[in-house]
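Trainee: The structure's right below; bear with me while I get my questions together.
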Amino acid sequence: MSGRGMLHLAGVALAALAVLFLARGVGLRWDPFDLQGRRLEQARARAEQAGAEHRAAAAERDGERQITEALTHVHQTEVALARATATAIQQARQADDADQALAPDRVRRLHDHDRRLCEHAPDLCAAARPGDPAG
């Protein structure tokens, strides 16, 4: 190839490079295998997965908080019921009529104790009716 042919080839290559640089400068891209689109889709999938993981972690934290609150409530109810029961047992043992058949005052104390228990655990007393012998 002659010097003039080489010069001509270099000029064409330089012009092609200039066109490519100008095209990139105005936002034109050449991506025959859509690599940019694939990377974008992968990034979107990772973002969606991260969002799902975040929502799952938040739901887990909320569930743990609700369980903790429920357990605290149950524990407080158990303590209150134990205190009320201990007080009723002590009163029953110290009462003048502890060894006698059920007197009206004793029946009233038992009903008062039942009422206090039902105040602490209304769900347990909902099924028992006032006329119910078990209630």
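The values are calculated or read from the model by the stated rules, or taken from the named source; none is laboratory data. It should be emphasised that the depicted structure is a prediction, and the values quoted were computed from it without experimental measurement. So basically every Cβ, Gly included, is an ideal-geometry build from the backbone, and we count neighbours across all protein chains shown.
Trainee: Is it fair to say T68 is under 24 Å from the mean Cα position of the chain (by Cα) and surrounded by 10 or more Cβ atoms within 10 Å (Cβ to Cβ)?
Mentor: Against the criterion (under 24 Å from the mean Cα position of the chain (by Cα) and surrounded by 10 or more Cβ atoms within 10 Å (Cβ to Cβ)), T68 qualifies.
Trainee: Which one of E60, E64 is in a helix (DSSP H, G or I) and either among the hydrophobic types (A, V, I, L, M, F, W, C) or more than 30 Å from C118 (Cα to Cα) (or both)?
Mentor: E60
Trainee: In region 118-134, which residues are at pLDDT below 85 and either assigned to a helix (DSSP H, G or I) or closer than 23 Å to Q76 by Cα (or both)?
Mentor: Passing the criteria: H120, A121, P122, D123, L124, C125, A126, A127, A128.
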